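Structure record follows, encoded as structure tokens.
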Amino acid sequence: MDRLKVVIVRGQIIFPGEVIGFSSIESDKIKMQLEAFDNDEELFLTRYKSDNEDETDFPEIETNGVIIKVETVKNKDNGATEIMAKALRRAKLKTLYPKSPYDMEGDVEEYIKSKEGFDTMFNSIQTAMRQYGEVNTKFRKNFLEDLLAEDNLPDLLDGLRLALPLDYTNRIAVNDANTPIDEAKILMSIMAEAVNRKLIADTIKVEVDKDISKNQRDYILREHLKVIQNEMAKNSGYETVSDEYEEKLAKLKLADEYKEKLKKDISRLNNAGSNGAEGNVLRTYLDTVFEMPFEVYSEDFNDILRAKKVLDEDHYGLEKVKDRILEYLSVRILNPIGNSPILCLVGPPGTGKTSIAKSVAKALGRKYVRISLGGVGDEAEIRGHRRTYVGAMPGRIVEAIKNAKVSNPLLLLDEIDKSSRDYKGDVSSALLEVLDGEQNKTFRDRYLEIPLDLSKVLFIATANTLDTIPRPLLDRMDIIEISSYTENEKYHIAKKYLIPKEVEANGLRDIEISFSDKAIKKVIHNYTREAGVRNLSRRIGDICRKCARESLEGKKKFKITEKSVYKYLGKEKVRFDEIEKEPQVGVVTGLAWTSVGGDTLSIEVNIMPGKGVLTLTGNMGDVMKESAGIAKSLVRSMAEEYSIAEGFFEKHDIHLHIPEGAVPKDGPSAGVTMTTALISAITERKVRADVAMTGEITLRGKVLAIGGLKEKLLAAKLAGVKTVCVPKENEADIAELSGEITGGLEIVYVRDIKEVLSTALI
């Protein structure tokens, strides 16, 4: 046993007689090889058991390897040093003494210790080599004679390893052998497998040659495949492939006219053979048809109490949404043959639209399948491709039903608002037939060419907004709006659903871990800003992952408190704007709706001597710029009423700015806020600091209704607003909101700008 320096590589296996190269610009990585070259020393080369380069925590080392010797060292132009070493003898690492990743030593024992059984194995492997030489011409010509001349088993194995085309898997198996006898067995099995493959190929060729004449040589490939396919059919109990299709056709529940058409396709397949474009198209089509679940239905659970229990268990809050779904299910139970409307769940991301659809499928006991329509612009994705070329396939509707294996699944049309239109057709137009109860009883996919009854399918669509959905398609759906969650709702959702889910997902099921109420609320308030709970789930997951690592380092108990949230998540990610502490001139707080919930919008106005120029800054959209123009015209029309000097607008410039100029802003609901800010700046009257407002303004000063009221009121509460001016037309919307949202807010309903000004101006 010798003490040698140890070199470890990844993803390479070297045998005696082979050469390995090392190259590096960093001298410490090849210091060991350079010293070995200078001192004419031998090294021991082995490999990491894992080929994953990202694995850094104590990777396991293979004990079997080779003794190498550095033969050449070259310095390249780019500053790198290139080293070539040759493998000499196989050996085994007994003990490793690591000093650093590039400085290791070990006790090494050479490969051969016992020669017991060499003679018997020597004769067996020579016989295997002769058989392999019969099927591998290159081996027979270049290696066989020299290898048979060897009279020592280890020397024979050294030559045979170099002669055989070993892939990486085979090299691993050979390297794992601990004795020459074990290695010889592995090499014999590799050669035997190659001989068997050649015999099978020769047998197929003989069968083909019996059936074809000289003038059919051009179709040899087609005949090859035909023989193979028929052999496979015989193994399945059929004489030909067409026999299998005809048996399936007899069991298919279809009208006679479509069965006759399928019979013709089976006959064409039999005549066309299995090769060529026509055979591939026919075979793929027939496989698709026979996989379709015609007249196969799952049985619904017609129990409305069970459905209510499932929805309550899976979702916190959303009472109106759940009530509407239960009403919908009640009608389907009482009138199963009626044309039910298509439900469309509309709301911000992360509010649970997809999971609600899953819960409905669970409540009814139906198979659940999902189709994502985001970015789909090809009409053929819905209607299918015409069956005229290789690669044609059915539409997503047919594929979904085929995968569900029943004709009445719950089919979720996800992100229906993000489907597009291009030169290949209009996806929304194709969906009109799918979602129309009068038409979808005989939906015809272009590929399938057999009417498919979609009336039993329960369609549910999801969307983030209704603005991009074409009106005819929208008319076919029953809209259910899902609004943003309040912080209290997020707290209960996190406690009941998200924390158990993330604890399970991160392997902490057997670890004692708990979240305090204050910790959950801090994560919600200071580390997420969204309408739904998707980011909240991610932040809880971040905490659980860090706990998972600490648990492996020895910690067994975790209590996540308000203070420890900072330790796991770092500094606070979300900053909520606070209202001005004191009344200001020309500064008014507005309310805005965004895709992640509500937000406050501070609008500032400055008046300067000039020529009547209105300057708008703050990355406003066209609609908001128009609102600013309307606000200026309205203020000019009220000049006399508010004692604005004649000629004021011709002698002064007005600058209206909305802070956070990098954020795009648009919408008409800032109209009243802009008007109030202009009046305040021009008349130098201060605006109450605790008042916020929203509403569209007209040239006559009328305040029009707006949307997103729930999100806007939540933003007002977070900012510390006490009084909110809301359009009178939105009074019914306020009545539907819970006391959690409106509590602590004074809601002032306004019809025109004068009522707004009387509330806001001091």
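Is segment 414-423 home to any residue that is of a type in the set (A, V, I, L, M), over 18 Å from ASP478 (Cβ atoms) and modelled with pLDDT of 80 or more?
There is no residue in segment 414-423 that is of a type in the set (A, V, I, L, M), over 18 Å from ASP478 (Cβ atoms) and modelled with pLDDT of 80 or more.
Please determine, by comparing only the residues of segment 41-69 that are within 15 Å of ARG3 (Cα to Cα) and surrounded by fewer than 17 Cβ atoms within 10 Å (Cβ to Cβ), which one is modelled with the highest pLDDT.
LYS69
Go through segment 314-328 residue by residue and tally those that are in contact with a Lys or Arg (Cβ under 9 Å, 6 or more places away or on another chain) and either within 10 Å of ALA363 (Cβ to Cβ) or free of Cβ contacts under 8 Å to residues at least 40 places away in the same chain (or both).
Residues meeting the conditions: 3.
Looking at segment 441-471, which of its residues are among the basic types (Lys, Arg) and in a loop (DSSP other than H, G, I, E, B)?
ARG446, LYS456
Conditions first: (1) of a type outside the set (Gly, Ala, Ser); (2) more than 26 Å from the chain's Cα centre (by Cα); (3) at pLDDT 85 or above. ASN464 passes all but one, so which condition is the exception?
All conditions pass for ASN464, except number (2).
Taking segment 622-672 as the search range and keeping residues that are β-branched (Val, Ile, Thr) and assigned to a loop (DSSP other than H, G, I, E, B), which one is surrounded by the most Cβ atoms within 10 Å (Cβ to Cβ)?
If we take residues in segment 622-672 being β-branched (Val, Ile, Thr) and assigned to a loop (DSSP other than H, G, I, E, B), then ILE658 is surrounded by the most Cβ atoms within 10 Å (Cβ to Cβ).
Identify all residues within segment 173-188 that are within 13 Å of GLN126 (Cα to Cα) and either surrounded by fewer than 19 Cβ atoms within 10 Å (Cβ to Cβ) or touching an Asp or Glu at 6+ places or on another chain (Cβ under 8 Å) (or both); write none if there are none.
Scanning segment 173-188 gives a single hit, LYS185.
State which residue is farthest from TYR527 (Cα to Cα) when the search covers only segment 551-575 and only residues that are exposed (fewer than 14 other Cβ atoms within 10 Å of the Cβ) and in contact with a strand residue (DSSP E or B) (Cβ under 8 Å, 6 or more places away or on another chain).
Looking at residues that are exposed (fewer than 14 other Cβ atoms within 10 Å of the Cβ) and in contact with a strand residue (DSSP E or B) (Cβ under 8 Å, 6 or more places away or on another chain), I get LYS556.
Condition first: touching a strand residue (DSSP E or B) at 6+ places or on another chain (Cβ under 6 Å) and outside the structural domain of SER407 (by TED's automatic domain parsing). Can you find one or more residues in segment 459-467 that meet it?
No; the residues of segment 459-467 include none that is touching a strand residue (DSSP E or B) at 6+ places or on another chain (Cβ under 6 Å) and outside the structural domain of SER407 (by TED's automatic domain parsing).
Yes or no: GLY507 modelled with pLDDT under 90, surrounded by fewer than 18 Cβ atoms within 10 Å (Cβ to Cβ) and not assigned by TED's automatic domain parsing to the domain that holds VAL376?
yes
Quick one: GLY391 ticks every box in (1) assigned to a loop (DSSP other than H, G, I, E, B); (2) touching a residue at least 24 places away in the same chain (Cβ under 8 Å) bar one, so which box is it?
With (1) assigned to a loop (DSSP other than H, G, I, E, B); (2) touching a residue at least 24 places away in the same chain (Cβ under 8 Å) applied to GLY391, the lone miss is (2).
Any chance you could count how many residues in segment 275-288 are at pLDDT below 85 and either assigned by TED's automatic domain parsing to the domain that holds LEU498 or of a type in the set (S, T, N, Q) (or both)?
Residues that pass the stated criteria total 3.
Does segment 89-103 hold any residues that are modelled with pLDDT of 85 or more and surrounded by 14 or more Cβ atoms within 10 Å (Cβ to Cβ), and which are they?
ARG89, ARG90, ALA91, LYS92, LEU93, LEU96 - these are the residues of segment 89-103 that are modelled with pLDDT of 85 or more and surrounded by 14 or more Cβ atoms within 10 Å (Cβ to Cβ).
Applying the selection to segment 594-630, what residues are at pLDDT 90 or above and touching a helix residue (DSSP H, G or I) at 6+ places or on another chain (Cβ under 6 Å)?
Correct list: ILE603, VAL605, ILE607, LEU614, LEU616, SER627, ALA628.
Taking segment 167-196 on its own, how many of its residues are in a loop (DSSP other than H, G, I, E, B) and within 22 Å of ILE61 (Cβ to Cβ)?
Summing the residues that are in a loop (DSSP other than H, G, I, E, B) and within 22 Å of ILE61 (Cβ to Cβ) in segment 167-196 gives 3.
Cβ-Cβ distance below 8 Å, separation of 6 or more or different chains: which pairs start in segment 667-690 with a residue that is touching a residue at least 60 places away in the same chain (Cβ under 8 Å) and end on one that is of a type in the set (Lys, Arg) and assigned to a loop (DSSP other than H, G, I, E, B)?
Hits for this filter: ILE679/ARG685; ALA689/LYS581; ASP690/LYS722.
Do any strands (runs of 3 or more DSSP E) lying entirely in segment 521-618 carry at least 3 residues that are closer than 30 Å to GLY661 by Cβ, and which ones are they?
It comes to 587-594, 597-609, 614-617.
Is it the case, given these coordinates, that PRO500 is touching a Leu at 6+ places or on another chain (Cβ under 7 Å) and either assigned to a loop (DSSP other than H, G, I, E, B) or modelled with pLDDT of 85 or more (or both)?
When the stated conditions are applied, PRO500 does not pass them.
Quick check on segment 716-725: of everything there that is over 18 Å from PRO668 (Cα atoms) and either in contact with an Asp or Glu (Cβ under 7 Å, 6 or more places away or on another chain) or part of a strand (DSSP E or B) (or both), which residue is modelled with the highest pLDDT?
THR723
Would segment 312-325 turn up any residue that is small (Gly, Ala, Ser), surrounded by 20 or more Cβ atoms within 10 Å (Cβ to Cβ) and not assigned by TED's automatic domain parsing to the domain that holds PRO500?
Within segment 312-325 (the criterion being small (Gly, Ala, Ser), surrounded by 20 or more Cβ atoms within 10 Å (Cβ to Cβ) and not assigned by TED's automatic domain parsing to the domain that holds PRO500), the answer is no, since none of the residues qualifies.
Modelled with pLDDT under 65, small (Gly, Ala, Ser) and exposed (fewer than 15 other Cβ atoms within 10 Å of the Cβ), is that true of SER236?
Yes, satisfied.
The values are calculated or read from the model by the stated rules, or taken from the named source; none is laboratory data. No experiment lies behind these values; they were computed from the predicted model shown. When we count neighbours, we look across all protein chains shown, and the Cβ atoms used for this are built from the backbone with ideal geometry, even at glycine.
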